[in-house]
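Below is one structure, written out as structure tokens; the observations come after it.
The values are calculated or read from the model by the stated rules, or taken from the named source; none is laboratory data. Note that the structure is predicted; figures quoted are calculated from it, not measured. Quick reminder, even Gly has a Cβ in these numbers, built from the backbone with ideal geometry, and neighbours come from all protein chains shown. The accessibility values were calculated without ligands, DNA or RNA, using every heavy atom of the protein model including side chains. Shrake-Rupley method; radii C 1.70, N 1.55, O 1.52, S 1.80 Å.
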Protein chains: 4
Amino acid sequence: MLKIGIIGAGRIGRVHAESLTKYVKGAEIKAISDVNVTDELTTWAASKGIAQVYADYRQILQDPEIDAVLVCSSTHTHAPISIEAARAGKHIFCEKPIDSDIGRIKEVLAEVEKAGVKFQVGFNRRFDHNFKAIKARVLAGDIGEPHIIRVTSRDPDAPPIEYVKVSGGMFFDMTIHDFDMIRYLSGSEVTEVYACGGVLVNPEIGQAGDIDTAVITLKLANGALGVIDNSRKAVYGYDQRAEVFGSKGAVQTRNDTDSTAIYSCEGGVIAEKPKYFFLERYMQSFADEMQCFIDAIVNDTPTLVNGNDGLQPVLIAIAAKRSLEEGRAVKLSEIGSLSI
Amino acid sequence: MLKIGIIGAGRIGRVHAESLTKYVKGAEIKAISDVNVTDELTTWAASKGIAQVYADYRQILQDPEIDAVLVCSSTHTHAPISIEAARAGKHIFCEKPIDSDIGRIKEVLAEVEKAGVKFQVGFNRRFDHNFKAIKARVLAGDIGEPHIIRVTSRDPDAPPIEYVKVSGGMFFDMTIHDFDMIRYLSGSEVTEVYACGGVLVNPEIGQAGDIDTAVITLKLANGALGVIDNSRKAVYGYDQRAEVFGSKGAVQTRNDTDSTAIYSCEGGVIAEKPKYFFLERYMQSFADEMQCFIDAIVNDTPTLVNGNDGLQPVLIAIAAKRSLEEGRAVKLSEIGSLSI
Amino acid sequence: MLKIGIIGAGRIGRVHAESLTKYVKGAEIKAISDVNVTDELTTWAASKGIAQVYADYRQILQDPEIDAVLVCSSTHTHAPISIEAARAGKHIFCEKPIDSDIGRIKEVLAEVEKAGVKFQVGFNRRFDHNFKAIKARVLAGDIGEPHIIRVTSRDPDAPPIEYVKVSGGMFFDMTIHDFDMIRYLSGSEVTEVYACGGVLVNPEIGQAGDIDTAVITLKLANGALGVIDNSRKAVYGYDQRAEVFGSKGAVQTRNDTDSTAIYSCEGGVIAEKPKYFFLERYMQSFADEMQCFIDAIVNDTPTLVNGNDGLQPVLIAIAAKRSLEEGRAVKLSEIGSLSI
Amino acid sequence: MLKIGIIGAGRIGRVHAESLTKYVKGAEIKAISDVNVTDELTTWAASKGIAQVYADYRQILQDPEIDAVLVCSSTHTHAPISIEAARAGKHIFCEKPIDSDIGRIKEVLAEVEKAGVKFQVGFNRRFDHNFKAIKARVLAGDIGEPHIIRVTSRDPDAPPIEYVKVSGGMFFDMTIHDFDMIRYLSGSEVTEVYACGGVLVNPEIGQAGDIDTAVITLKLANGALGVIDNSRKAVYGYDQRAEVFGSKGAVQTRNDTDSTAIYSCEGGVIAEKPKYFFLERYMQSFADEMQCFIDAIVNDTPTLVNGNDGLQPVLIAIAAKRSLEEGRAVKLSEIGSLSI
């Protein structure tokens, strides 16, 4: 049994704790740390059978029994904690994004390389049953050469304005998953981005310097075109669809629902709305990404979401932001090691 | 924490053990018994954290710490063990069918009544997300008065001939779930049955005295009509659909699939086949029926599948068998306390 | 160009006139007759380019230029007029049912045989694109041996009570199409019928001696089972679905809608209701049955809905009525040449 | 009855002739002209009841009995013939595009204005039942404010290279319909375009100076974003879908199929491919646009696709072409009266 330490006991840290406790084989949680150790946290940790609760994540890094850490703390601490963890010889699961600064991401990746530890980034949607089904068709050659990759990604509601102000913008907190999905489904790197956006959901978002609606076009190294459409607010729920179209066919996915029930009445023929939000839609994928991480350590195999997979979406997001500002397509080669 | 003893460590006993360990809150398994205690069983029990493994279920019944038992042994032992368990003051979850003899079922129910213990029968499909969605529409009044209840229930493949010879026949081992579903969805009792069947899948099933394909029509006390179609073998997988049609509308469910992916190619537009069989389709419902049972004990509320819910489908199955033999509709009032 | 005479200028007569005028190649309408020749009819006929309007259908039968007649008059006149038409050497398209008396139907078929004219019965649903798609799969062997044939047939609203009183009952005015569909899709003859019905839509229908809701089970000569469910009133519209299930797979059809639009909103994900009723759903099939009839004459090939196809559904309807009265399965061999 | 003259007896001219003959009320075709009057054309015209066949379209324009003309000749003749027709006082249905030169289009519109004749452009897809269903939801306010309008438009196969060389490019011969659809569905004008494209289907198309795959993003005056994805070749058939997403919900359409049949077998659950190409998918819309044109004349109401609706998509196509060349978003205000 691998011993795991979780750094950061917020929502996503607890989601991973739940997965490790209930679904994942071959690992157990030994300790969790959070800058705020409350009674609630202590009680919760006990109920999950987690032996130790620390205020300082360094106690986790110093525990020689702990094999791997999950970096689930605030975004700006992902990079420095990952670097420390690598130096401490811990395998690392790092929540996305690694950082918003390309230089710092490269530093992290260099330390990981040097330490020879496993490193996986939290792009959980790669483990979703629907997107995996698309990927399987692509890998099987059923699509032929990919020509167009489409991702529709719309949240059921906008986050609080306070969050919008500090998140780095929609491309960094939301679209970054879609940038990863385009890379994952196409099996190719993005070379150029054009982003078009607007403030249509809530003018406060605009006042905070962000957008809430966007269409982003991407050119890929293999010649294919990617296109993403985003909205902060779809009143009917979390809209998460994708399509890969190619020389031999196309594969697309619809949303998941709580049941397949169809109600026919005078008003129409009514199916259920999509599952409400990411916890409902992606819960199984969170468990599966954990299992994947544990298996990579146990079997000494590569993780399925590696350091470059953490780097590229940040590069794309930076390019998208610049494209939006300048009204032109931006090549990733223009970005270099710049931060946002 | 309630303490549970599982009697019978076959497939369904282990399914429930898995659910209790992983998903169910408020209970833990203390002991399991099986007539064959093998090394494999001992190892498996240990891996699930089950402290005791017995060859004799009476050791479970005699353990004063054990609050409730799951009767997962061979069908012909369901009734006698349930009676003993009731007398020992244990709450009882009994796999379906309770028995094939109406008299013995009534004996069980009388002992349960006398002992004042909880009693739940293993009609897990009532806990399936799709059928629950139909039931919710019915209860909400969205269907109005139910007029027609349809159940399609087809297995992906016929069971081994050795099983067919001892199962009591298709109506008892397979359709019994559908009889329960008709009662559950309609909220009404079956009063009359007409069954029509044939041997179309495998002639050996006919030689064993059974059928493999059937259409059964049911009259309900509230005037509605029920209709079930069954096959032992649907080459495309486990086909489990239902529809309730009434004065204000209809609600129907489709099959579950592993993903929503749709592949469009020169050969057509291809969706996934239904989930393969009951373990794939109904796993969550097994967990949910366990939770329901535990909650009924903890909160001292009625179970959602009670003794009468165990009795009625057996009555219907007996009537269906007679109808098939005599080519006429058979009233349940004709059956009385007879066995098959 | 074949010259056609239409006998009976009611709704269905005009539907056929419309088809012949607009869609059908190789024929033109020379005359139409109706017991009530009104100004409206005369004007309508002129607008369709129909040269002659008669009160007496015999004028059509006596016109040597007229090659074929459509018998669209009242049901009780179908048989005598068809006999006269056959004797006059006219090819005959006869609306369903030919008659409710088996003896009279056999008389018609004998006269048709003797005269050597073409005879087609108006089971238009065989020409519907959806049911044809099922039939094509069956004929291609994609289903293997058929095991279960299901037809759901529900009207959007009950007919006027005055019609119910004279129609001969639901099995004759409504289910008769479904009886034909079971024969068509299975490619086999019905040998036994069990019918179960009730009055759930409107008690006046019961007072008129009829039922409004039914489930009918049929045994077929090839061993397959058929099942039909009927309602006089589906509030969401005309529900016309079918499924053939067999050893190699199943094929099913859904309802047609005016568009494929899906509206997602807070209330759900809403598709369109089925097309309202038979004129909306089956208009193209009416045109195609006409073309089929014309082509059979021009090419001297068999019609696709022949005399026996007109006879069998009436036999089944008589058996179904008796089954409903006697609560038992009724063999078609019991019916002989009896009328209802 | 209005009298119609058709100028140009190619494929689309004959499609309109078919519609006028079979489906459209209130009009009849008096004459047709084509630069090549062959025996085949004469025979075909006779079979449709068209009295006159001319080599010179001017004979149609000079016929005082003719009320309206359909301009179905080669694209480069649309503008001059429309101008002559307007001067001759004929109402004009003009196939798209009016011209590829903005100046010439404006000349046509000025002449039409001066003559006071009706003018309708052949954007038939506005009359398609699916797109009309989207538009109805938008007009009813069910979508709220439109935020994102998506059009997927993929042909089943690329046109011959000879056609590609003279068509003016994909944006002019194919995407122009989608530009119109974005305007139609959004109810707003396009202000800016970004186009991204590639040669992925056939390198010969690239050698001919065109592209075969594209994603185009559009900004609209009302703030909404439009996005179109195009391919010259979808192996599964004609893929024609759209979605409007807004503040109150979304509405999307799927493709039409020949039947609703679903075949379930060991290989999967298989639905039909989309209708093959535009003649199969859009036949009814061709008839409906004709009826709309005739009704506008008869009732002296505006046509539903007016001169500006003919002009704007050409402007957008010119902007898209420039965007593709320059790798930047192009404002329509930059285009002015320039030709491509």
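Distances, shortest first, from the label point of residue D:306 to those at the same position in the other copies read 6.1, 6.2, 7.1 nm; the point lies 7 Å along Cα to C-beta. For chain C, the share of accessible area belonging to carbon and sulfur comes to 50 percent (1.4 Å probe, ligands and nucleic acids excluded).
Counting only DSSP beta bridges whose two residues both lie in chain B, roughly 55 percent are antiparallel. Each residue, residue D:38 and residue B:37, gets one label point 7 Å from its Cα in the Cβ direction; the gap between the two is 9.2 nm. For chain C, a simple Cβ point-charge model (Lys and Arg +1, Asp and Glu -1, everything else neutral) yields a dipole of about 560 debye relative to the Cα centre.
Averaged per residue, segment A:2-117 has 43 square angstrom of accessible surface, using a 1.4 angstrom probe with ligands and nucleic acids left out.
When the accessible areas of C alone and B alone are added and the area of the pair subtracted, with a 1.4 Å probe, the result is around 3000 Å², both sides summed.
Given +1 at the Cβ of Lys and Arg, -1 at the Cβ of Asp and Glu and no other charges, the dipole of segment D:59-113 around its Cα centre is 140 debye to the nearest 20.
Peptide packing: for C:23-36, A:308-321, the average count of neighbouring Cβ atoms within 10 Å per residue gives the ranking A:308-321, C:23-36, highest mean first. From the mean inverse distance of alpha carbon pairs (Kirkwood) and the Cα radius of gyration, derive Rg over Rh for segment C:259-309. Expressed as Rg/Rh, it is 1.32.
Each semi-axis of the equivalent ellipsoid for segment D:214-295 is √(5λ) with λ an eigenvalue of the Cα gyration tensor; in descending order they amount to 27, 21, 14 Å. Every Cα-Cα pair of segment B:105-165 was included, and the share exceeding 18 Å stands at 65 percent.
Counting Lys and Arg as +1 and Asp and Glu as -1 over every other residue whose Cβ lies under 9 Å from the Cβ of residue C:205, the net charge comes to -2.
Projected onto planes of every orientation and averaged, the convex hull of the alpha-carbon atoms in segment D:130-171 covers 4.5 nm². Using just its DSSP H runs of length 4 or more, each adding -39500 (n - 2.57), chain B gives a mean residue ellipticity at 222 nm of -11500 deg cm²/dmol after division by all residues. Considering only beta bridges that DSSP places wholly inside the protein assembly as shown, some 60 percent are antiparallel. Relative to the Cα centre, the charge distribution of segment C:2-117, modelled as +1 at Lys and Arg Cβ and -1 at Asp and Glu Cβ, gives a dipole magnitude of about 280 debye. Over segment C:198-340, accessible surface divided per residue gives 35 Å², non-protein components excluded, 1.4 Å probe. What separates the residue D:161 label point from its copies, with the point 7 Å along Cα to Cβ, is 6.1, 6.5, 7.7 nm, written shortest first.
Label positions at residue C:139 and residue A:25, each projected 7 Å from the Cα along the C-beta direction, are separated by 5.2 nm. What FRET efficiency comes out for the pair residue A:277/residue B:48, r = Cβ-Cβ distance, R0 = 41 Å, nearest 0.05? My answer for the efficiency is 0.80. A Stokes-Einstein calculation at 20 °C with viscosity 1.002 mPa s, built on the Kirkwood radius of segment A:202-252 over Cα pairs, returns a diffusion coefficient of 158 µm²/s. When peptides A:173-184, B:44-55 are sorted by average Cβ neighbour count within 10 Å, with the highest value leading, the order is A:173-184, B:44-55. What fraction of the Cα pairs in segment D:76-234, stated in percent, has a spacing above 21 angstrom? Tail of P(r) above 21 Å: 55 percent of Cα pairs. Each listed q (0.14 Å⁻¹) maps to a log10 I(q)/I(0) for segment A:149-247 from the Debye sum over equal C-alpha point scatterers, namely -0.51. In this simple spin-label approximation, residue B:266 and residue C:18 carry label points 7 Å from Cα along the Cα→Cβ vector, and these lie 4.1 nm apart. Extent of the protein assembly as shown along its three principal axes (Cα atoms, max minus min coordinate, largest first): 99, 84, 44 Å.
For segment B:1-125, the equivalent ellipsoid derived from the alpha-carbon gyration tensor has semi-axes of 23, 15, 14 Å in decreasing order.
Computed from the Cα positions only, the extents of segment B:301-340 along the three principal axes stand at 43, 15, 15 Å, in decreasing order. Copy A relates to copy D by a rotation, and the A residue whose beta-carbon is nearest that axis, with the distance in whole angstrom, is A:328, 2. Each other residue within a Cβ distance under 13 Å of residue A:113 adds +1 if Lys or Arg and -1 if Asp or Glu, for a net charge of +2. Neighbours of residue B:142, meaning other residues whose beta-carbon lies under 12 angstrom from its beta-carbon, give a summed charge of +1 when Lys and Arg score +1 and Asp and Glu score -1.
Ratio of Rg to Rh for chain B, alpha carbon only, Kirkwood?
0.97
Taking a quarter of the surface of the Cα convex hull of segment A:132-199 gives a mean projected area of 5.9 nm².
In the structure shown, the pairs C:118/D:48; D:135/D:248; A:135/A:248; C:48/D:22; A:248/D:165; A:233/A:273 are assessed against 19 Å; a Cα-Cα span above that value is assigned to C:118/D:48; A:248/D:165.
Using the Kirkwood formula on the Cα atoms of segment C:245-331, what hydrodynamic radius do you get, in angstrom to one decimal? Can you show the working numbers first?
On the way: mean 1/r = 0.0561 Å⁻¹.
For segment C:245-331, the Kirkwood estimate is 17.8 Å.
Relative contact order, whole percent, for segment B:2-117 stands at 26, derived from Cα pairs under 8 Å and 6 or more residues apart.
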